[in-house]
Amino acid sequence: MEWEIVIGLETHTQLSTESKIFSDSSTRFGAAPNTQANEVDMALPGSLPVMNRGAVERAIQFGLAVGAHVAPRSIFARKNYFYPDLPKNYQISQFEIPVVQGGSITFFVGDEEKTINLTRAHLEEDAGKSLHENFTGPHGESSTGIDLNRAGTPLLEIVSEPEMRSAAEAVAYARTLHGLVVWLGICDGNMQEGSFRVDANVSVRPKGQTEFGTRTEVKNVNSFRFLERAILYEARRQIELIEDGGTVVQETRLYDAERDETRSMRSKEDAHDYRYFPDPDLPPLMIEPEWVQRVQDAMPELPAQKRVRFEQELGLGGYDAAQLTMARATSVYFEDTAAQLPQGQAKLAANWMLGELAAALNRDEIEIEQSPVKPAALAGLILRIIDGTISNKMAREVFAAMWSGENEGDPDAIIQARGLKQISDTGAISAMIDEVLAANPAAIEEYRAGKQKAFNSLVGQVMKAAKGKANPQQVNDLLKEKLG
């Protein structure tokens with residue numbers, strides 16, 4: 001039997017406010033445990049929540065960015081459940097009427113464009129953290145500690161429709177969503193610190209079946225690599241279970257990266273199990289059209305808009321434009337580089353950024369803002385390719401030297417120091433070709449008999465004679481002319 005995977009993602013995005021969603025406690029990461037939690041966060045008797053305007057504004061930004069409806073009136077509810085790190089024994093969230101309704105995310109999986117619809121995005125408060133590992137009690141016993149610093153940190157939970165059909169698609173969606181919230185500045189996107197966490201709802205069904213299978217939720221995945229592996233494992237587990245005559249149980253599971261497996265955490269609650277009811281301490285959230293308009297007027301150019309501009313004005317293909325607008329810093333780097341090149345050469349800048357530069361960034365595990373090769377330097381290198389000073393092959397050698405800091409990363413100085421200037425003198429190249437032809441009469445006969453490999457062999461010998469410095473296009477053109 002052929003199986004189809006059905007995936008929906010719930011993404012918890014910590015908003016970039018300086019204070020918490022219902023109190024003035026700091027949201028700064030890394031403080032000593034329980035030093036950033038006040039009476040509201042700890043739910044002390046008599047304390048009352050007060051809405052953080054900045055959190056609402058960031059939700060509006062997101063809604064506008066994804067083409068959603070920003071609700072003029074939304075309400076907060078109490079989502080009741082018990083965890084040791086949830087001080088109130090309920091979480092203030094939105095249920096019936098969320099602040100952001102609908103919208104969509106468009107992205108590429110390979111070179112295929114996909115659009116996934118969003119169900120909603122709602123505001124809520126984060127819980128604290130239970131510390132299990134390497135934590136001992138006052139007498140040295142193995143214990144669990146509670147840190148309430150994170151309690152009350154503002155979250156925007158973004159819920160997709162169950163429209164993804166592969167782990168690769170889910171990861172591409174998550175990467176695009178991550179890039180968007182960082183682009184907007186509403187979240188720092190730090191997955192190691194828990195600023196961007198993904199819950200994956202996974203089910204399987206026979207291909208062609210329209211009814212959904214029983215889903216499980218893989219909770220709090222904090223890396224794209226782990227998200228892909230968790231989905232693949234969970235889908236495989238469910239298929240094997242069903243094929244062996246078993247039944248998938250609706251539950252919440254955790255992904256263990258060391259063992260590359262998901263494990264049962266608890267039975268999955270439905271909405272009615274949480275006993276949602278309106279929070280009596282919070283009035284409805286009212287958002288006036290004028291507020292939405294002010295946010296709209298202050299919005300930056302969005303990735304989708306920039307992508308279209310790169311295609312229409314700079315002649316990039318859809319895939320290249322999408323890759324260069326995944327992150328704001330990448331798009332800025334590209335525009336800074338392309339601006340220093342002759343008109344019509346933006347594609348060459350895109351090729352270098354998505355090729356050599358991306359490979360170097362990945363190898364050294366750094367972000368583009370930390371690149372030792374700045375846009376002006378990369379543009380300088382590309383200009384030497386355009387004017388024929390160096391070949392593409394030579395340029396890769398120069399780029400590696402620039403990356404390592406040789407001659408302070410100056411491409412011209414590196415070309416000069418290494419003697420890499422390309423030979424473009426027609427007379428010199430012609431003389432080298434004559435010598436190669438005189439020494440290889442058999443190859444000439446093979447070429448004239450229709451064997452293309454013989455021509456490639458002759459080109460290689462000319463380039464060898466030139467120590468790789470001859471202009472490859474001139475070598476090809478002159479050689480064809482001489483061979484007739």
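The values are calculated or read from the model by the stated rules, or taken from the named source; none is laboratory data. What you are looking at is a predicted structure, and each value in this text was computed from that prediction instead of being measured. Please note: Cβ atoms are built from the backbone with ideal geometry, for glycine as well, and neighbour counts cover all protein chains shown. All accessible areas refer to the heavy atoms of the entire protein, side chains included, with ligands and DNA or RNA removed. Shrake-Rupley method; radii C 1.70, N 1.55, O 1.52, S 1.80 Å.
The one condition from (1) small (Gly, Ala, Ser); (2) open to solvent by less than 20 Å² (accessible area, probe 1.4 Å); (3) more than 30 Å from Ala172 (Cα to Cα); (4) in contact (Cβ under 8 Å) with a residue 24 or more places away in the chain that Gly152 does not meet is (3). Listed here are the strands (runs of 3 or more DSSP E) enclosed by segment 81-147 that have at least 1 residues being touching a helix residue (DSSP H, G or I) at 6+ places or on another chain (Cβ under 6 Å): 104-109, 112-125. Scoring Lys393 on the criteria (1) in a loop (DSSP other than H, G, I, E, B); (2) in contact (Cβ under 8 Å) with a residue 40 or more places away in the chain leaves a single failure, condition (1). Entry remark, segment 35-70: residues being at pLDDT 95 or above and on the phi > 0 side of the Ramachandran plot number 1 in total. Picking from residues in segment 421-442 that are at pLDDT below 85 and assigned to a loop (DSSP other than H, G, I, E, B), the one that is least open to solvent (accessible area, probe 1.4 Å) is Gln422. Filtered by the rule that a residue be more than 27 Å from Glu397 (Cβ to Cβ) and of a type in the set (Asp, Glu), segment 429-484 gives Asp434, Glu445, Glu446, Glu481.
Scanning segment 1-24 for residues that are among the hydrophobic types (A, V, I, L, M, F, W, C), farther than 18 Å from Cys187 by Cα and in a loop (DSSP other than H, G, I, E, B) gives a single hit, Met1.
In contact with an Asp or Glu (Cβ under 7 Å, 6 or more places away or on another chain), under 30 Å from Pro289 (Cβ atoms) and open to solvent by less than 10 Å² (accessible area, probe 1.4 Å): is that true of Ser93 in this structure? Yes; evaluated as a whole, the condition is true for this residue.
Within segment 230-240, not a single residue is open to solvent by 60 Å² or more (accessible area, probe 1.4 Å), under 30 Å from Ala77 (Cα atoms) and over 25 Å from the mean Cα position of the chain (by Cα).
Does Gly355 satisfy the condition of being outside any helix (DSSP H, G or I), out of contact with any Pro (no Cβ under 7 Å at 6 or more places or on another chain) and without any contact (Cβ under 8 Å) to a residue 40 or more places away in the chain? For Gly355, the condition - outside any helix (DSSP H, G or I), out of contact with any Pro (no Cβ under 7 Å at 6 or more places or on another chain) and without any contact (Cβ under 8 Å) to a residue 40 or more places away in the chain - is not met.
Within segment 96-114, being open to solvent by 40 Å² or more (accessible area, probe 1.4 Å), under 17 Å from Pro284 (Cα atoms) and of a type in the set (Val, Ile, Thr) holds for one residue alone: Ile97. Within segment 272-304, the set of residues being part of a helix (DSSP H, G or I), at pLDDT 95 or above and open to solvent by 60 Å² or more (accessible area, probe 1.4 Å) comprises Pro289, Glu290, Gln293, Arg294, Gln296, Asp297.
When the test is whether a residue is open to solvent by 30 Å² or more (accessible area, probe 1.4 Å), assigned to a helix (DSSP H, G or I), touching a residue at least 60 places away in the same chain (Cβ under 8 Å) and out of contact with any Pro (no Cβ under 7 Å at 6 or more places or on another chain), Gln323 passes it. Quick check on segment 173-204: of everything there that is within 18 Å of Ser16 (Cα to Cα) and assigned to a helix (DSSP H, G or I), which residue is farthest from the chain's Cα centre (by Cα)? Result: Leu184. Of the numbered criteria (1) open to solvent by 40 Å² or more (accessible area, probe 1.4 Å); (2) under 30 Å from Gly317 (Cα atoms); (3) part of a strand (DSSP E or B); (4) not hydrophobic (A, V, I, L, M, F, W, C), the one Gly67 fails is (3). Put simply, of Arg53, Arg28 the only residue that is under 26 Å from the mean Cα position of the chain (by Cα), free of Cβ contacts under 8 Å to residues at least 12 places away in the same chain and over 22 Å from Ser160 (Cα atoms) is Arg28. Pairs meeting the criteria (first residue in segment 400-420 and under 13 Å from Arg384 (Cβ atoms), second residue small (Gly, Ala, Ser) and open to solvent by less than 60 Å² (accessible area, probe 1.4 Å), beta carbons under 7 Å, at least 6 apart or on different chains) are Met402/Ala377; Met402/Gly409; Pro411/Ala377; Pro411/Gly380; Asp412/Gly380; Ile414/Ala401.
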